[in-house]
Amino acid sequence: MMRGVTGRLMLLDTASLYFRAYFGVPDSVRAPDGTPVNAVRGLLEFIDRLVKDHRPDDLVACMDADWRPQWRVDLIPSYKAHRVAEERESGPDEEEVPDTLSPQVPIIEAVLDALGIARVGVAGYEADDVIGTFTGRAEGPVDIVTGDRDLYQLVDDARGVRVLYPLKGVGSLQLTDEAWLREKYGVDGRGYADLALLRGDPSDGLPGVPGIGEKTAAKLLAEFGDLAGIMAAVDDPKAKLTPSQRRRLDESRPYVAVAPKVVKVADDVPLPEVTTALPDAPRDGETLEALAARWGLGGSLQRLLTTLGARRA
């Protein structure tokens, strides 16, 4: 658990960012032995740019210890089912990941550890849940860096919580606050989870309520306040629902009863004791030097080290 984090905290949805790095940097970027390291170098360049542009005091690379937790699957069996590469009797199922990306993940983890950048994953939880728990416990402003819109639900202007959503690399970031959410979706951060639940999300295997798209979901939330208000309206013959909406929502009660726990990020993850302060020098310079030589991390790593060191000035 972090202690006394009152400065600006940056939380990285690490897998989201290294996937983007993998697809954004050519796989011709390789180590001396020919192993692709495009995701490794791309992620280091992302972090360098983020630290330069947004100047966090603390930074945590949040990891998926379990990308498809069983407790979510038990509630909605279709949850991320289309992404399963291999089912396992014990432990998390294997996620479908490009062949040349999987071997880069342990390198990313080793480099972050040698740098001294906090890296947190908790068994039985996704990175989203780790991010949700850190966000809830932060005493200062929080920047969440993710390519996953699910985390819009954490946006909270009063607490200084915003999402930095990469549009192209991390040089172009969409700064998502409540004003942006209201303009785009007609809801605030808290309302976004209800909107996503009603609309559904094929990329996560969430069916949603049939016939309730994004615009209709936003209108219903504007009319009735939240999901509980919408479902109360189903039982109120005077409520302004079309016969079709009333029927579909009524038929979707089993889904609506369990979906909030699946869609909403956890805020009670048992976080380990961790130092979140952004380092200004590597924790293990010797190991980092060996990793840099073996994997040919070159300028990508050096630029980040220079940026971290400059924070001392």
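Looking at Asp58, Asp129, Asp53, Asp113, which is the one that is over 12 Å from Thr14 (Cβ atoms), modelled with pLDDT of 95 or more and open to solvent by 50 Å² or more (accessible area, probe 1.4 Å)?
Asp113 is the lone residue from the list that is over 12 Å from Thr14 (Cβ atoms), modelled with pLDDT of 95 or more and open to solvent by 50 Å² or more (accessible area, probe 1.4 Å).
Inspect segment 295-302 for any residue being touching a helix residue (DSSP H, G or I) at 6+ places or on another chain (Cβ under 7 Å) and under 20 Å from Cys62 (Cα atoms) and give the result as yes or no.
Looking only at segment 295-302, we keep the residues that are touching a helix residue (DSSP H, G or I) at 6+ places or on another chain (Cβ under 7 Å), and these are 295, 297, 300-301.
Applying the additional criterion that residues be under 20 Å from Cys62 (Cα atoms) yields 301.
Among the residues of segment 295-302, at least one is touching a helix residue (DSSP H, G or I) at 6+ places or on another chain (Cβ under 7 Å) and under 20 Å from Cys62 (Cα atoms), which makes the answer yes.
Kindly indicate whether Asp13 is touching a Ser or Thr at 6+ places or on another chain (Cβ under 7 Å), under 19 Å from Leu175 (Cα atoms) and surrounded by 23 or more Cβ atoms within 10 Å (Cβ to Cβ).
Numbers: touching a Ser or Thr at 6+ places or on another chain (Cβ under 7 Å): yes; under 19 Å from Leu175 (Cα atoms): yes; surrounded by 23 or more Cβ atoms within 10 Å (Cβ to Cβ): yes.
It is true that Asp13 is touching a Ser or Thr at 6+ places or on another chain (Cβ under 7 Å), under 19 Å from Leu175 (Cα atoms) and surrounded by 23 or more Cβ atoms within 10 Å (Cβ to Cβ).
Being more than 17 Å from Gly200 (Cα to Cα) and crowded, with 20+ Cβ neighbours inside 10 Å is the filter here, so list the residues in segment 68-79 that pass it.
Passing the criteria: only Pro69.
Of all residues in segment 112-131, which are of a type outside the set (A, V, I, L, M, F, W, C) and either touching an Asp or Glu at 6+ places or on another chain (Cβ under 7 Å) or in a helix (DSSP H, G or I) (or both)?
Passing the criteria: Asp113, Arg119, Gly121, Gly124, Tyr125, Glu126, Asp128, Asp129.
Check Ser102 against each of (1) outside any helix (DSSP H, G or I); (2) touching a residue at least 12 places away in the same chain (Cβ under 8 Å) and name the one condition it does not meet.
Here Ser102 clears every test but (2).
If we only count strands (runs of 3 or more DSSP E) wholly inside segment 132-220, which ones have 1 or more residues that are surrounded by fewer than 20 Cβ atoms within 10 Å (Cβ to Cβ) and of a type outside the set (Asp, Glu)?
Result: 161-168, 172-176.
Output the residue which, of all residues in segment 23-47 that are in a helix (DSSP H, G or I) and open to solvent by less than 10 Å² (accessible area, probe 1.4 Å), is nearest to Arg83 (Cα to Cα). Spell out how you get there, then give the answer.
Here is the first cut: in segment 23-47, the residues in a helix (DSSP H, G or I) are 23-24, 38-47.
Narrowing the set further to residues that are open to solvent by less than 10 Å² (accessible area, probe 1.4 Å) leaves 38-40, 42-44, 47.
Values: Asn38: 23, Ala39: 20, Val40: 23, Gly42: 24, Leu43: 23, Leu44: 26, Ile47: 27 Å.
Result: Ala39.
With the condition kept exactly as written, say whether any residue in segment 80-89 is charged (D, E, K, R), under 30 Å from Leu175 (Cα atoms), in a helix (DSSP H, G or I) and open to solvent by 40 Å² or more (accessible area, probe 1.4 Å).
Looking through segment 80-89, at least one residue is charged (D, E, K, R), under 30 Å from Leu175 (Cα atoms), in a helix (DSSP H, G or I) and open to solvent by 40 Å² or more (accessible area, probe 1.4 Å).
Condition check ((1) without any contact (Cβ under 8 Å) to a residue 12 or more places away in the chain; (2) touching a Pro at 6+ places or on another chain (Cβ under 8 Å); (3) not β-branched (Val, Ile, Thr)) across all residues:
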residue	(1), (2), (3)
Gly171	no, no, yes
Leu195	no, no, yes
Thr216	no, no, no
Ala228	yes, no, yes
Lys240	no, no, yes
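The values are calculated or read from the model by the stated rules, or taken from the named source; none is laboratory data. Note that the structure is predicted; figures quoted are calculated from it, not measured. Ideal geometry is used to build each Cβ from the backbone, glycine not excepted, and the neighbour counts take in all protein chains shown. Please note that ligands, DNA and RNA were not included when accessible areas were found on the heavy atoms of the full protein model with its side chains. Shrake-Rupley method; radii C 1.70, N 1.55, O 1.52, S 1.80 Å.
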